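Down below is the structure, laid out as structure tokens.
The values are calculated or read from the model by the stated rules, or taken from the named source; none is laboratory data. Quantities reported herein were computed from a predicted structural model and do not represent experimental measurements. All Cβ positions, glycine included, derive from the backbone under ideal geometry; neighbour counts span all protein chains shown. In case anyone asks, the SASA skips ligands and DNA or RNA and just uses the protein heavy atoms, side chains included. Shrake-Rupley method; radii C 1.70, N 1.55, O 1.52, S 1.80 Å.
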Amino acid sequence: HLWVTFELNVPRNLQLDINTRSGNIETESTDGRISLVTGGGNITAASVGGPARLETQGGHITVQDVSADLSAISAGGHITAGSVQGDAVIRTAGGHIRVTSVQGTAQLETGGGNISLERAGAGIVAHTSGGRIDLGEASGTIRASTGGGNIGVLNVIGSTQLDSGGGSICLTKIQGAIRASTATGTITAYFIPEGKLLGPSQLESGAGDIVVYIPRE
């Protein structure tokens with residue numbers, strides 16, 4: 001077998017469009033737009049000053065801060081991202097997804113891994129076929145579903161809808177209307193005094209307990 005490695009030194013402000021059939025792609029910090037596509041290797045990118053499109057047919061994707069929109073798609077690997085200043089669309093067929101923050105809307109989907117997002121400036125849509133979902137806070141609506149894992153939301157500000165096929169659901173610092181349902185797990189919800197409940201909340205469990213903490217007033 002013959003292995004070939006290309007090492008390119010280019011100015012930071014150039015736009016990058018790199019495509020390989022089966023190898024790894026690594027880039028240092030750039031100021032412009034990047035498009036990195038590989039047929040089966042890993043993608044590792046440092047900070048990106050423009051929009052980023054990252055696609056692999058089977059490897060892992062790792063990217064630091066992105067100053068615009070991010071699109072990261074893998075056929076089965078893990079995806080890890082830092083702070084995204086724009087919108088984020090992240091999908092993998094089976095790996096874990098871990099993102100620090102998304103300034104815009106976040107669409108996160110995996111075929112079976114866990115999903116973790118600390119903060120989103122707008123809405124969140126998260127789905128996994130069987131893993132756990134951990135969300136920090138979002139200024140917009142939250143829609144999260146899992147086929148069997150647990151769901152945890154740290155700060156509920158806007159309208160929230162959570163569905164689990166068999167895991168527990170825990171919500172703290174609830175300030176908005178929520179709808180949560182699980183087939184067999186426990187639901188725990190903490191409402192806080194400063195919350196503005198603009199609509200009714202609905203909690204449903206097929207076989208588990210429902211525990212609700214409400215302010216004295």
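For this structure, a couple of remarks:
- Counting only residues that are touching a Gly at 6+ places or on another chain (Cβ under 9 Å) and assigned to a strand (DSSP E or B), the stretch 43-62 holds 4 of them.
- Applying the condition of being among the β-branched types (Val, Ile, Thr) and open to solvent by less than 10 Å² (accessible area, probe 1.4 Å) to the stretch 110-142 and asking which residue is nearest to GLY59 (Cα to Cα) yields THR110.
- In the stretch 157-177, the residues that are within 20 Å of the chain's Cα centre (by Cα) and open to solvent by less than 20 Å² (accessible area, probe 1.4 Å): GLY158, THR160, LEU162, SER164, GLY167, ILE169, LEU171
- For ARG33: the one exception among (1) surrounded by fewer than 20 Cβ atoms within 10 Å (Cβ to Cβ); (2) within 27 Å of GLY158 (Cβ to Cβ); (3) of a type in the set (Lys, Arg): (2)
- Residue within the stretch 147-154 that is surrounded by fewer than 16 Cβ atoms within 10 Å (Cβ to Cβ) and farther than 27 Å from GLY94 by Cβ present: no
- Count of the stretch 32-55 residues which are modelled with pLDDT under 95 and within 20 Å of GLY86 (Cβ to Cβ): 1
- Candidate set: the stretch 1-30, residues that are among the hydroxyl-bearing types (Ser, Thr, Tyr) and surrounded by 15 or more Cβ atoms within 10 Å (Cβ to Cβ); chosen: the one nearest to ASP87 (Cα to Cα): THR30
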